[in-house]
Structures are given as C-alpha cells and as structure tokens.
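Reviewing the structure listed below.
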Amino acid sequence: MAEQYDVIVLGSGPGGYVAAIRCAQLGLKTAIVERENLGGICLNWGCIPTKALLRSAEIFHYMNHAKDYGLAAEKISADLNAVVARSRGVAKQLNQGVTHLMKKNKITVHMGTGTLKGAGKLEVKGEKGSETLSAKHIIVATGARARDLPFAPADGNRVWTYRHAMTPKEMPSKLLVIGSGAIGIEFASFYNDMGAKVTVVEMMDRIVPVEDADVSAFLEKALTKQGMTIMTGAGVESLDVGAKGVKAKIKGKDGKIVEADYSHVIVAVGIVPNTENIGLETLGVKAERGIIAIDDYGRTNVPGVWAIGDVTPGPWLAHKASHEGVIAAESIAKELGNKDVHPHAMDRRNIPGCTYCHPQIASVGLTEAKAKEAGYEVKAGTFPFIGNGKAIALGEAEGFVKTVFDAKTGELLGAHMIGAEVTELIQGYVVGKTLETTEAELMATVFPHPTLSEMMHESVLAAYGKALHI
C-alpha cells in the first residue's frame with residue numbers, strides 16, 4: 001500500500017527543499033525525493049561551492065596586489081587542490097545543514113529517482129528497490145543540467161561543464177570559455193585570477209547580454225584589462241579534442257575563421273530542464289521544450305501537480321526557485337483548507353540577478369533599452385565608484401551604479417550595478433521596487449556614510465540632475 005502524504009516534493013534543490021520546509025511549517029505531512037544530494041545542484045555543485053572558489057581567487061588576487069595597500073607579500077602561490085578541497089568542504093557543510101533541516105521539520109526523505117505514475121502517485125527507485133508514494137499534491141522541482149555542444153560533448157578531461165570546472169584534475173594553462181552568461185563569466189574570472197590565460201567567446205554582440213548595455217561594455221573593458229581575450233559576435237565552429245589539448249576553430253564577427261590551441265574548454269551555453277522521463281506525459285502536464293507551463297502560483301494545467309525552479313520559465317536562479325517554493329507551498333495549504341495563509345503571485349519583474357565575476361554585477365528590473373522598448377519615457381542616472389569615498393578607501397574604484405525611472409511617474413523601473421560588492425547592494429533596490437517606490441522616497445532616504453550604498457542614492461539623484469559628488 002502506497003505511503004500517503006499531503007505533499008511530495010520531487011527534487012531537493014533550493015526550490016524543492018524550501019518548498020518542503022514551508023509545507024511542513026504549515027502542518028502538511030511532507031516527503032521529499034532526491035536522486036543524488038540533498039540541496040541539489042545549487043548547494044553541492046553550483047551557487048555555493050563556486051562562491052567558495054571565487055573567494056579563494058579573490059584573496060589570491062589581493063595577495064598579488066598587496067603593495068597597492070602598503071603591504072608586502074612574497075613568494076605567493078596557489079594550491080589548486082587545496083582550493084577545490086575547501087570548496088567541497090563548504091558544499092558538504094551545507095548538505096549536512098539541509099539534512100538537519102529535513103529532520104527538524106519532520107520531512108521524510110526518500111533517496112532515489114522519482115517518476116509520476118498517475119494522479120497523486122510517485123514511484124521511487126532507489127538502492128533498496130522501488131516504492132510507491134501517494135499524495136494529494138506533488139511539486140516538481142527537478143532542476144536543470146548543463147547543455148552540451150552537439151559537436152563536442154563534455155568529457156571531463158579537456159572539455160568541461162561547470163561541474164568539471166569545479167573539481168579540475170589540473171590547472172588550465174590556456175582556457176577557452178564558450179558562453180558569457182553568469183556561469184561562463186564566473187569561471188572565466190576564477191581561472192583568470194588563478195593564472196590561466198583565458199579567452200571568452202560569445203555569440204551575441206556583447207558579453208553578459210541580459211545585462212544593461214553599459215554594464216556589458218564596462219565588464220568587457222575590465223576583463224580585457226585583466227588580460228582576458230574577449231570575442232563577441234563569434235561562434236565556435238568545431239573543437240578537435242586531443243590527449244593534450246583542444247584545437248578550436250572560431251568564426252569571428254568579421255566572418256573569418258581563426259584556429260587556436262587551448263589546454264581546456266569550458267562549455268557554458270545554457271541549461272536543459274530535467275523534465276524527461278519523470279512521467280509528465282502520463283498525466284498530460286503541459287511543457288514546451290522541457291519547460292513546464294505554470295501560473296503565477298506554480299500550478300500546472302493538471303490539478304494537484306505543481307512545478308517550481310529551473311523546470312519552469314526563467315530567470316533560472318536559485319532565489320527565484322526558493323520563492324516559488326514558498327508560494328506553491330502556501331497555495332497548496334490554502335487549497336487544503338488553511339485560511340491563515342495568503343499566498344502572493346510571483347512577480348518576475350522584481351527578481352534580482354547577480355554575477356560573481358571580478359568586478360561583480362547585480363541588477364533588477366528593466367534595462368534602459370528594454371524600458372524604452374516598452375514605451376516608457378525614461379530618466380536614467382549613473383554614478384561612478386570613483387566618486388565614492390568608501391570605494392576609493394577600499395582600493396575598488398572601478399564600477400558604477402545606474403538607475404532607470406519612468407519620467408512620468410517616478411517609478412523605479414530598474415537598477416544595474418558593476419563593481420565591488422554590488423551583489424550585496426542590489427537588495428536595496430529590490431525592496432524599493434517591491435514597495436513600488438518612486439524617486440521621491442529614494443531621494444528622501446538617509447544613506448549611511450561612508451558606505452558603498454551612498455552610490456545608490458547618488459545614482460537616483462543623478463537621474464534628476466541632482467548628484468552631489470560628481
């Protein structure tokens with residue numbers, strides 16, 4: 001007889017495990033099914049361990065520039081194995097943390113591969129055989145995996161996905177990164193700081209193409225100054241993988257094909273949702289190219305089946321998945337009779353994005369170009385790091401903060417930053433957008449001094465011709 005639950009969550013990434021916790025908090029009998037590691041890709045192979053790697057690279061960078069701060073450091077070297085070991089240790093600690101949270105919230109964990117077998121039925125195949133679970137509601141949170149190049153699938157030796165790049169067998173000497181989204185640029189930044197000669201190839205006309213054009217232009221200049229080779233409007237025609245390296249044919253924006261040799265290649269050309277072979281077709285769940293169609297609360301077209309995270313429309317970010325998990329959990333509780341929960345719809349306009357390259361990038365809302373395309377009359381203000389006392393004192397005077405407003409109403413439409421610690425600053429604008437703030441409230445807000453956050457204030461002032469320090 002199938003074990004009965006109120007909710008089963010398929011997948012334990014930042015969407016799945018958060019959804020399970022919120023369900024349990026609301027008094028629902030909850031199970032979670034995971035085929036690999038609790039915490040999913042984010043905690044074990046993505047967001048967190050990559051930040052551990054980048055932190056090591058950042059410190060190594062500062063050590064090599066100690067003289068800029070009046071300090072002396074000699075015979076500086078990096079132990080790649082130790083750097084990777086620290087990163088894996090961080091991932092293990094967080095995995096154990098999620099395990100603790102499952103026990104604390106009395107969530108039953110089933111390790112194995114889950115498949116939908118009918119209305120409210122999920123089969124789990126694990127090391128100990130198969131079992132069938134039953135629930136009134138099932139949340140699909142199976143995440144995504146790296147997309148391969150059809151002509152050069154990752155082999156873990158010379159051609160890597162992000163997963164291989166996190167546990168390298170050796171340090172690349174000359175690295176080709178294909179794709180300049182967040183994953184590609186972060187690894188390009190890490191290996192460049194660690195001493196590799198890095199080339200980035202991007203098919204679009206600029207790197208980090210989802211960001212504001214001014215951010216893309218600034219980042220390209222910064223990375224070029226750091227020694228990277230950036231090729232935009234370019235595509236990799238072929239990779240000839242050998243035992244000791246890779247020969248790449250790259251078609252440039254001028255249409256000419258150039259050949260170059262690399263020790264390793266990182267493929268960062270997008271993700272593929274993990275929605276095949278989990279039984280969606282059995283229930284008639286609507287999906288297009290593997291992306292499950294949902295409403296603003298996570299409901300699919302099939303009653304009792306919900307979806308969150310990277311299997312749903314983007315942006316494909318961990319914090320978006322977690323937020324969707326909470327919304328779905330509260331919506332399920334409401335459907336099951338809980339009158340004390342009031343789920344809110346997901347508003348994708350207010351989801352921030354962060355890229356942890358050097359310099360960092362953070363943004364929320366519309367870019368200046370997208371705002372104009374949407375028909376807004378725009379007021380935009382930019383304030384540079386060089387005008388901020390804290391940035392100069394930190395030795396981090398490269399970057400800027402840009403804000404975009406509706407000229408007619410003063411509504412904050414978007415904010416875009418590049419520079420030191422901007423990933424920690426962006427939430428101020430996210431709160432502002434969520435509260436539907438205008439320039440008037442932001443101008444009237446007192447920002448502490450000396451802080452990097454003062455640039456946020458100055459950027460708003462700049463949009464209206466009132467900047468004080470430039």
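The values are calculated or read from the model by the stated rules, or taken from the named source; none is laboratory data. Every value quoted in this text rests on a predicted model; they were computed, and no experiment measured them. So basically every Cβ, Gly included, is an ideal-geometry build from the backbone, and we count neighbours across all protein chains shown. The accessibility values were calculated without ligands, DNA or RNA, using every heavy atom of the protein model including side chains. Shrake-Rupley method; radii C 1.70, N 1.55, O 1.52, S 1.80 Å.
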Q | Using distinct alpha-carbon pairs, which all enter the 1/r mean, Kirkwood radius of the range 184-258 in Å | A | 13.3
Q. Accessible area per residue, 1.4 Å probe, Å², for the chain: what's the number?
A. 47
Q. Separation of the range 334-348 and the range 151-227 by C-alpha centroid, Å?
A. 41
Q.
So if I place +1 on the C-beta of Lys and Arg and -1 on the C-beta of Asp and Glu, and nothing else carries charge, what would the dipole magnitude of the chain be about its Cα centre? I want it in debye, nearest 20.
A. 1040
Q | 22 Å Cα-Cα threshold exceeded, pairs from LYS106/LYS136; LYS174/LYS249; LYS169/LYS221; LYS92/LYS169; LYS408/LYS466 | A | LYS169/LYS221
Q. So what are the range 54-131's ellipsoid semi-axes, whole angstrom, largest first, if each one is the square root of 5 times an eigenvalue of the alpha-carbon gyration tensor?
A. 47, 14, 11
Q | Stokes-Einstein diffusion coefficient of the range 359-400, Kirkwood radius over Cα pairs, 20 °C, 1.002 mPa s, in µm²/s | A | 175
**Q.** Placed amide H near SER238: partners under 5 Å, 5+ positions off or other chain
**A.** LYS249
Q: State the cysteines of the chain left without a partner when partners are defined as other cysteines whose beta carbon lies under 4.7 Å away.
A: CYS23, CYS354, CYS357
Q. What fraction of the DSSP beta bridges in the chain is antiparallel, stated in percent and rounded to the nearest 5?
A. 60
Q: Note the direction-averaged projected area, equal to a quarter of the hull surface, for the Cα convex hull of the range 71-228, in nm².
A: 15.5
Q | Cα centroid separation, the range 80-105 to the range 402-459 (Å) | A | 34
Q: Check every DSSP H run in the chain and write down those whose alpha carbon atoms cover 30 angstrom or more along the long axis and whose mean Kyte-Doolittle hydropathy is -0.5 or greater.
A: 80-104
**Q.** Loop-resident sites, the range 76-125, for trypsin sites (Lys or Arg not before Pro), counting at most 16 other Cβ within 10 Å (DSSP)
**A.** LYS106
Q | Kirkwood hydrodynamic radius of the range 161-297, from inverse mean 1/r over distinct Cα pairs, in Å | A | 16.6
Q: Calculate what fraction, in whole %, of the accessible area of the chain sits on carbon and sulfur atoms when a 1.4 Å probe is rolled over the protein chains.
A: 53
**Q.** Point-charge dipole on Cβ atoms (K/R +1, D/E -1) for the range 21-81, about Cα centre, debye to 20
**A.** 300
**Q.** Residue-span extension gain [ALA293 to VAL272] - 0.36 nm each, minus C-alpha spacing
**A.** 6.0 nm
Q) Out of these labelled values of Rg/Rh (Cα atoms, Kirkwood Rh), [x] 0.93; [y] 1.04; [z] 0.99, which was calculated from the coordinates shown here? A) [z]
Q. Where Lys and Arg each count +1 and Asp and Glu each count -1, what net charge lies around SER56 among other residues with Cβ under 14 Å from its Cβ?
A. 0
Q: Before rounding to the nearest 500, sum -39500 (n - 2.57) across all DSSP H runs of length at least 4 in the chain and divide by the residue total; then give [θ] at 222 nm in deg cm²/dmol.
A: -9500 deg cm²/dmol
Q | Descending Cα extents along the principal axes, the range 340-427, whole Å | A | 46, 38, 20
